[in-house]
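Everything on this sheet refers to the single structure shown next.
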Amino acid sequence: MSRPSQAKQPTPDHHGVSVIQSQSHAIVAPGLQQVPQLVPANTSAGGGKAAKMKKPSADKESDEYRQRRERNNLAVKKSRMRSKQKAMDTQQRVNELKEENERLEAKIKLLSKELSVLKDLFLEHAHNLADNVHPPAGGEGASPAPNNSNNISANGQ
(Lines give C-alpha, C1' and ligand atoms only; values in the text may rest on other atoms or scores of the structure.)
Protein backbone atom coordinates (compact mmCIF):
# COMPACT_ATOMS: atom_id res chain seq x y z
CA MET A 1 0.00 0.00 0.00
CA SER A 2 1.03 3.64 0.17
CA ARG A 3 3.34 4.99 2.79
CA PRO A 4 2.00 7.68 5.09
CA SER A 5 3.51 10.98 4.08
CA GLN A 6 5.97 12.51 6.44
CA ALA A 7 5.44 15.83 8.21
CA LYS A 8 4.95 18.74 5.86
CA GLN A 9 7.24 21.71 6.24
CA PRO A 10 5.93 25.25 5.72
CA THR A 11 8.16 27.61 3.77
CA PRO A 12 7.37 31.31 4.27
CA ASP A 13 7.58 33.60 1.26
CA HIS A 14 7.91 37.39 1.09
CA HIS A 15 4.11 38.04 1.01
CA GLY A 16 3.42 36.68 4.48
CA VAL A 17 1.98 33.41 3.10
CA SER A 18 3.50 30.03 3.72
CA VAL A 19 3.42 27.32 1.14
CA ILE A 20 3.05 23.86 2.61
CA GLN A 21 5.18 21.52 0.64
CA SER A 22 4.91 17.79 0.94
CA GLN A 23 7.91 15.53 0.86
CA SER A 24 8.94 14.52 -2.63
CA HIS A 25 8.87 10.83 -1.82
CA ALA A 26 5.12 10.73 -0.99
CA ILE A 27 3.21 8.26 -3.12
CA VAL A 28 0.47 9.79 -5.27
CA ALA A 29 -2.12 7.78 -7.18
CA PRO A 30 -1.41 7.57 -10.92
CA GLY A 31 -2.99 10.40 -12.93
CA LEU A 32 -3.28 12.73 -9.92
CA GLN A 33 -1.05 15.66 -9.07
CA GLN A 34 -0.11 16.78 -5.64
CA VAL A 35 -1.03 20.45 -5.17
CA PRO A 36 0.65 22.62 -2.54
CA GLN A 37 -1.65 24.45 -0.14
CA LEU A 38 -1.41 28.07 0.96
CA VAL A 39 -1.81 29.03 4.60
CA PRO A 40 -1.19 32.32 6.46
CA ALA A 41 2.32 32.71 7.83
CA ASN A 42 1.13 34.24 11.12
CA THR A 43 -1.47 31.96 12.60
CA SER A 44 -2.66 32.88 16.05
CA ALA A 45 -4.50 30.66 18.47
CA GLY A 46 -7.63 32.81 18.17
CA GLY A 47 -9.01 31.21 15.01
CA GLY A 48 -6.26 32.33 12.67
CA LYS A 49 -7.82 35.68 11.81
CA ALA A 50 -5.61 38.71 11.53
CA ALA A 51 -6.21 41.48 14.04
CA LYS A 52 -8.30 44.37 12.68
CA MET A 53 -6.75 47.78 12.47
CA LYS A 54 -8.72 50.32 14.50
CA LYS A 55 -8.71 54.06 14.02
CA PRO A 56 -7.13 55.85 16.90
CA SER A 57 -10.04 56.86 19.07
CA ALA A 58 -10.45 60.59 19.43
CA ASP A 59 -11.05 62.10 22.80
CA LYS A 60 -14.79 62.44 23.29
CA GLU A 61 -14.27 65.90 24.70
CA SER A 62 -12.30 67.20 21.72
CA ASP A 63 -13.71 69.73 19.26
CA GLU A 64 -12.91 67.45 16.33
CA TYR A 65 -14.95 64.61 17.84
CA ARG A 66 -17.92 66.89 18.55
CA GLN A 67 -17.82 68.30 15.00
CA ARG A 68 -17.75 64.82 13.48
CA ARG A 69 -20.63 63.71 15.69
CA GLU A 70 -22.62 66.81 14.78
CA ARG A 71 -22.02 66.28 11.05
CA ASN A 72 -22.97 62.65 11.41
CA ASN A 73 -26.14 63.48 13.33
CA LEU A 74 -27.14 66.00 10.64
CA ALA A 75 -26.44 63.47 7.90
CA VAL A 76 -28.55 60.84 9.67
CA LYS A 77 -31.37 63.32 10.20
CA LYS A 78 -31.27 64.34 6.53
CA SER A 79 -31.22 60.71 5.41
CA ARG A 80 -34.24 59.87 7.57
CA MET A 81 -36.13 62.90 6.26
CA ARG A 82 -35.41 61.85 2.66
CA SER A 83 -36.56 58.32 3.45
CA LYS A 84 -39.83 59.59 5.00
CA GLN A 85 -40.42 61.94 2.05
CA LYS A 86 -39.84 59.11 -0.40
CA ALA A 87 -42.32 56.91 1.49
CA MET A 88 -44.92 59.72 1.50
CA ASP A 89 -44.41 60.34 -2.23
CA THR A 90 -44.81 56.64 -2.93
CA GLN A 91 -48.01 56.48 -0.86
CA GLN A 92 -49.40 59.51 -2.67
CA ARG A 93 -48.64 57.88 -6.03
CA VAL A 94 -50.36 54.67 -4.87
CA ASN A 95 -53.47 56.67 -3.89
CA GLU A 96 -53.51 58.49 -7.25
CA LEU A 97 -53.20 55.21 -9.13
CA LYS A 98 -56.03 53.66 -7.08
CA GLU A 99 -58.30 56.60 -7.91
CA GLU A 100 -57.39 56.38 -11.59
CA ASN A 101 -58.06 52.65 -11.52
CA GLU A 102 -61.51 53.22 -10.00
CA ARG A 103 -62.32 55.83 -12.67
CA LEU A 104 -61.19 53.48 -15.43
CA GLU A 105 -63.20 50.58 -14.02
CA ALA A 106 -66.30 52.81 -13.91
CA LYS A 107 -65.66 53.84 -17.52
CA ILE A 108 -65.32 50.18 -18.53
CA LYS A 109 -68.64 49.41 -16.84
CA LEU A 110 -70.35 52.34 -18.61
CA LEU A 111 -68.88 51.41 -22.01
CA SER A 112 -69.87 47.78 -21.53
CA LYS A 113 -73.48 48.84 -20.87
CA GLU A 114 -73.41 51.12 -23.93
CA LEU A 115 -72.04 48.29 -26.05
CA SER A 116 -74.79 45.98 -24.83
CA VAL A 117 -77.49 48.55 -25.68
CA LEU A 118 -76.01 49.14 -29.13
CA LYS A 119 -75.80 45.40 -29.81
CA ASP A 120 -79.45 45.01 -28.86
CA LEU A 121 -80.45 47.90 -31.15
CA PHE A 122 -78.45 46.46 -34.01
CA LEU A 123 -79.93 42.99 -33.59
CA GLU A 124 -83.46 44.42 -33.36
CA HIS A 125 -82.89 46.43 -36.53
CA ALA A 126 -81.42 43.40 -38.32
CA HIS A 127 -84.48 41.28 -37.34
CA ASN A 128 -86.85 44.02 -38.54
CA LEU A 129 -85.09 44.15 -41.89
CA ALA A 130 -85.23 40.38 -42.18
CA ASP A 131 -88.97 40.40 -41.37
CA ASN A 132 -89.72 43.07 -44.01
CA VAL A 133 -88.02 41.23 -46.84
CA HIS A 134 -90.41 38.67 -48.40
CA PRO A 135 -89.18 35.95 -50.70
CA PRO A 136 -90.68 36.15 -54.23
CA ALA A 137 -93.74 33.99 -54.95
CA GLY A 138 -93.12 31.06 -57.22
CA GLY A 139 -90.24 29.53 -55.39
CA GLU A 140 -86.60 30.05 -55.24
CA GLY A 141 -84.74 31.45 -58.20
CA ALA A 142 -87.91 32.59 -59.98
CA SER A 143 -87.80 36.02 -61.49
CA PRO A 144 -90.50 38.53 -60.54
CA ALA A 145 -93.54 38.81 -62.78
CA PRO A 146 -93.20 41.33 -65.61
CA ASN A 147 -94.97 44.59 -65.30
CA ASN A 148 -98.19 44.39 -67.39
CA SER A 149 -98.68 48.14 -67.63
CA ASN A 150 -96.32 48.30 -70.59
CA ASN A 151 -98.19 45.56 -72.39
CA ILE A 152 -101.54 47.32 -72.14
CA SER A 153 -100.29 50.55 -73.56
CA ALA A 154 -98.62 48.73 -76.44
CA ASN A 155 -101.87 47.08 -77.49
CA GLY A 156 -103.65 50.33 -77.30
CA GLN A 157 -106.26 49.12 -74.97
Inset, instruction - Taking 7 Å along the Cα-to-C-beta vector as the label spot, tell me the residue 122-residue 97 distance in nanometres, rounded to one decimal. - result: 3.5
Legend entry - Extension gain (nm, one decimal) between residue 115 and residue 63, 0.36 nm per residue minus Cα-Cα: 11.0 nm
Inset, instruction - Calculate the spin-label point distance for residue 105 paired with residue 78, positioning each point 7 Å from the Cα along the beta-carbon direction, and give it in nanometres. - result: 4.3
Inset, instruction - Run the 1.4 Å probe and let me know the accessible area of residue 112, rounded to the nearest 10 Å². - result: 70
Inset, instruction - Using only protein heavy atoms and a 1.4 Å probe, report how much of residue 76 is accessible, in Å² to the nearest 10. - result: 50
Inset, instruction - Under 1.5 on a/c is rounded, so check that first for the stretch 65-121, then, if it is not, pick prolate when a/b is larger than b/c and oblate when it is not; a ≥ b ≥ c are the square roots of the alpha carbon gyration tensor eigenvalues. - result: prolate
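The values are calculated or read from the model by the stated rules, or taken from the named source; none is laboratory data. Please read all numbers here as calculations on a predicted model, not as lab measurements. No Cβ is skipped: glycine too gets one built from the backbone with ideal geometry, and neighbour counts run over all protein chains shown. The accessibility values were calculated without ligands, DNA or RNA, using every heavy atom of the protein model including side chains. Shrake-Rupley method; radii C 1.70, N 1.55, O 1.52, S 1.80 Å.
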